[in-house]
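Engineer: Quick one: structure below, then a few questions.
The values are calculated or read from the model by the stated rules, or taken from the named source; none is laboratory data. Since we're looking at a predicted model, the values are computed, not measured. Please note: Cβ atoms are built from the backbone with ideal geometry, for glycine as well, and neighbour counts cover all protein chains shown.
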Amino acid sequence: MKNLALCALAVMLAFPIAASAASKSILFFTKSSGFEHSVISWKNGQPSHAEKVLLELGKQNGWTFTFSKDGAKFAKDYLAQFDAVFFYTSGNLCEAGTDNQPAMTTTGKQALFDYVRSGKGFIGTHACSDSFHTDNEAKKGQDRYVNHGPNADPFVRFLGGEFIKHGAQQIATNAVTDTKFPGFDQAGASFAFMEEWYSLKDFSPDIHVLTVIDAPAMKGVEYQRPPYPITWARNEGKGRVWYTAMGHREDVWTNPIFQQILVGGIKWAVGDAKASVPPNLKQTAPGADTNPPFPESKAAGAKPDAK
């Protein structure tokens, strides 16, 4: 019965939301092979909190969203109908995992890369960087704290970085490093709010950093490191990749600053807004490749924290 209910829910929610004929079409993909965040969880046949926010933003900006957790659909012909694909995912998406929704195939994973490289857009928020860990580092052992560089999982290189772990939710300051990029015209030189802030690693050297978090001012061993990027953009072939680690809390999704930044990122990814994204990692966050120390006090076999 549980599987039947999940299938019924998928049918009800994996559909395009009607908008004008000139709309840009976006696939919002939220499969959770790892930890499933409450903001993207389907309950009682209703869209998730994040999906409700996206519906409103879609109305304001002329975007049509398709909501899906079905990884088996990823193929060249399926992706061709969209102007951009938007991930809020977790875990190894080639496994059924936590939510037991259909998994992607390795061919489907490659189809995503090819789709973007052909000139399409990709957007990622929060746990997207907790997907396809290098060497399937599912547990937060010492390996999770190592940079793999060019040997990182292809998805990590494609996205531009990888999640290590997070500490306690707290207010943290983010410096804006490109005020001319779409969505940052009202953010000011910096912004701060309560969030679950990811500590990230393995940054692709060609990312164009948009925000840098003041890690040294934060509480927790996870942030004992130099400032590092939280939001960035990069070119992938002829296509565009945009990511922000923000998006855990429900009130972040309704925060005007977050919404402005997200809307700007989506506009750039779908081609509605233009911006130059030259590599600037070394200029904006020169110590970003220094990862936090592994907390030796935790047993190697300890259960991973919820993300």
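Engineer: If we keep just the residues of the stretch 63-77 that are out of contact with any strand residue (DSSP E or B) (no Cβ under 8 Å at 6 or more places or on another chain) and not basic (Lys, Arg), which is surrounded by the fewest Cβ atoms within 10 Å (Cβ to Cβ)?
Structural biologist: Checked the stretch 63-77; the qualifying residue surrounded by the fewest Cβ atoms within 10 Å (Cβ to Cβ) is 77.
Engineer: So how many residues does the stretch 228-273 have that are of a type in the set (Lys, Arg) and within 13 Å of the chain's Cα centre (by Cα)?
Structural biologist: Filtering the stretch 228-273 down to residues of a type in the set (Lys, Arg) leaves 234, 238, 240, 249, 267.
After this cut, where a residue has to be within 13 Å of the chain's Cα centre (by Cα) as well, the list is none.
Looking only at that region, the number is 0.
Engineer: Select from the stretch 37-62 the residues that are surrounded by fewer than 17 Cβ atoms within 10 Å (Cβ to Cβ), outside any helix (DSSP H, G or I) and of a type outside the set (S, T, N, Q) and list them in ascending order.
Structural biologist: 43, 45, 62
Engineer: Are there any pairs, at least 6 apart or on different chains, whose C-beta atoms fall under 8 Å, with the first in the stretch 266-294 and of a type in the set (A, V, I, L, M, F, W, C) and the second surrounded by fewer than 20 Cβ atoms within 10 Å (Cβ to Cβ) and outside any loop (DSSP other than H, G, I, E, B), and if so, which?
Structural biologist: So the pair list comes out as 266/57; 266/61; 277/235; 294/142; 294/145.
Engineer: Kindly provide the set of residues from the stretch 271-307 that are modelled with pLDDT of 95 or more and among the polar types (S, T, N, Q), ordered by number.
Structural biologist: 276, 280, 283, 284, 290, 291
Engineer: Here's a follow-up. Would you say residue 100 is crowded, with 18+ Cβ neighbours inside 10 Å, closer than 23 Å to residue 163 by Cα, in contact (Cβ under 8 Å) with a residue 40 or more places away in the chain and not hydroxyl-bearing (Ser, Thr, Tyr)?
Structural biologist: On the way: crowded, with 18+ Cβ neighbours inside 10 Å: no; closer than 23 Å to residue 163 by Cα: yes; in contact (Cβ under 8 Å) with a residue 40 or more places away in the chain: yes; not hydroxyl-bearing (Ser, Thr, Tyr): yes.
Taking the combined requirement at face value, the residue does not satisfy it.
Engineer: Mind listing whichever residues of the stretch 116-169 are out of contact with any Gly (no Cβ under 9 Å at 6 or more places or on another chain) and of a type in the set (Ser, Thr, Tyr)?
Structural biologist: Answer for the stretch 116-169, where residues must be out of contact with any Gly (no Cβ under 9 Å at 6 or more places or on another chain) and of a type in the set (Ser, Thr, Tyr): 134, 145.
Engineer: Considering only the stretch 63-91, how many residues are outside any strand (DSSP E or B), within 16 Å of the chain's Cα centre (by Cα) and of a type in the set (Phe, Trp, Tyr)?
Structural biologist: Adding up the residues that qualify gives 1.
Condition check ((1) crowded, with 18+ Cβ neighbours inside 10 Å; (2) modelled with pLDDT of 95 or more; (3) within 17 Å of the chain's Cα centre (by Cα); (4) within 15 Å of residue 294 (Cβ to Cβ)) across all residues:
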| site | (1), (2), (3), (4) |
| --- | --- |
| 147 | no, yes, no, yes |
| 150 | no, yes, no, no |
| 155 | yes, yes, yes, no |
| 170 | no, yes, no, no |
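Engineer: In addition: If a residue must be buried (at least 18 other Cβ atoms within 10 Å of the Cβ) and on the phi > 0 side of the Ramachandran plot, how many such residues does the stretch 243-282 contain?
Structural biologist: Total meeting the criteria: 1.
Engineer: If a residue has to be hydrophobic (A, V, I, L, M, F, W, C) and part of a loop (DSSP other than H, G, I, E, B) to count, how many in the stretch 103-123 make the cut? If you could, list the steps in order and put the result at the bottom.
Structural biologist: From the stretch 103-123, those hydrophobic (A, V, I, L, M, F, W, C) are 103-104, 111-113, 116, 122-123; that's our starting set.
After this cut, where a residue has to be part of a loop (DSSP other than H, G, I, E, B) as well, the list is 103-104.
Summing the residues that are hydrophobic (A, V, I, L, M, F, W, C) and part of a loop (DSSP other than H, G, I, E, B) in the stretch 103-123 gives 2.
Engineer: Taking the stretch 103-131 on its own, how many of its residues are more than 19 Å from residue 25 (Cβ to Cβ) and either of a type in the set (D, E, K, R) or modelled with pLDDT under 95 (or both)?
Structural biologist: Total meeting the criteria: 2.
Engineer: Tell me, please, whether a residue that is in a loop (DSSP other than H, G, I, E, B), basic (Lys, Arg) and closer than 22 Å to residue 219 by Cα can be found in the stretch 241-249. Lay out the reasoning, then the answer.
Structural biologist: Step one: of the stretch 241-249, the residues in a loop (DSSP other than H, G, I, E, B) are 245-249.
Next cut, basic (Lys, Arg) only: 249.
With the extra rule that they be closer than 22 Å to residue 219 by Cα, the set shrinks to 249.
The answer is yes; a qualifying residue exists.
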